[in-house]
Amino acid sequence: MNQANQDIFDRMRAGELLRLDDPQYPKVLEIVSRTIRLSAELNTATDVDQVRERLSDIIGTQLDQSTTVFPPFYTNFGRFIRIGNNVFINHACSFLDMGGITIEDDVLIGPKVNLITENHPVDPTTRKALILKPIVVKRNAWIGAGATILPGVTIGENAIVAAGAVVAKDVPANTVVGGVPARFIKTIE
């Protein structure tokens, strides 16, 4: 199939460069507009059940009752977020998910955490395009307050990301990382 004929969402999931002049880009803008509207409803919800319901609408998948998200919660797209069971997401988190975000079961995410799956080319002639790479947070990981996880990173099972860390590389399972840029601190035994 010709690349121009491939669905833009399939190309986004494949990590292809997303150009704003792509003939299918209006399909992305439709999702973004819908997400902006639904996010306003999510962030004025009066209880965790309403928040869960609104976020389920945004991501297109029903969140399990064991998962709790505290508003405000921010996302620019929403459709490429997958959240497991028994997940806790604290206040004021931002998920830029055009590259895909997967959060497995039993994950803890502190307040003001940023999960960023989008970047831009260095070349000024293509800088407005988006480079999309997924983020995966494995089972039982804990991301501390104010941490930022950058495109393409996997946080391993049981790993801990210290508060304020900026994570640009994969975090192995059962380890603690911290700092800017994040570095190995210790193994969890």
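The values are calculated or read from the model by the stated rules, or taken from the named source; none is laboratory data. All values derive from a computational prediction rather than experimental measurement. As a convention, Cβ positions derive from the backbone with ideal geometry for all residues, glycine included, and neighbour counts pool all protein chains shown. With ligands, DNA and RNA removed, areas are computed over all heavy atoms of the protein, side chains included. Shrake-Rupley method; radii C 1.70, N 1.55, O 1.52, S 1.80 Å.
Structure notes:
- Test: residue in the range 48-60 that is without any contact (Cβ under 8 Å) to a residue 60 or more places away in the chain, open to solvent by 30 Å² or more (accessible area, probe 1.4 Å), more than 26 Å from GLY152 (Cα to Cα) and touching a Ser or Thr at 6+ places or on another chain (Cβ under 7 Å): yes
- Any hit, the range 25-46, residues being modelled with pLDDT of 95 or more, open to solvent by 40 Å² or more (accessible area, probe 1.4 Å) and of a type in the set (Asp, Glu): yes
- LEU115 being open to solvent by less than 50 Å² (accessible area, probe 1.4 Å), farther than 30 Å from GLU189 by Cα and among the hydrophobic types (A, V, I, L, M, F, W, C): no
- For the range 70-79, the criterion of being at pLDDT 95 or above and in contact with a Lys or Arg (Cβ under 7 Å, 6 or more places away or on another chain) is met by none of the residues.
- The lone exception for GLN6 - which of (1) modelled with pLDDT under 95; (2) more than 18 Å from the chain's Cα centre (by Cα); (3) surrounded by fewer than 13 Cβ atoms within 10 Å (Cβ to Cβ) it fails: (3)
- Selection status of ILE58, over 20 Å from LYS138 (Cα atoms) and of a type in the set (A, V, I, L, M): yes
- GLY15 meets all of the listed conditions (1) modelled with pLDDT of 95 or more; (2) of a type outside the set (Ser, Thr, Tyr); (3) part of a loop (DSSP other than H, G, I, E, B); (4) touching a Leu at 6+ places or on another chain (Cβ under 6 Å) but one, namely (1).
- Meets criteria (within 22 Å of VAL113 (Cβ to Cβ) and in contact with a strand residue (DSSP E or B) (Cβ under 9 Å, 6 or more places away or on another chain)) for TYR25: no
- Close Cβ contacts (under 9 Å, 6 or more residues apart or on different chains) running from residues in the range 166-183 that are within 20 Å of LYS112 (Cα to Cα) to residues that are of a type in the set (D, E, K, R) and part of a strand (DSSP E or B) comprise VAL176/LYS186; VAL177/ARG183.
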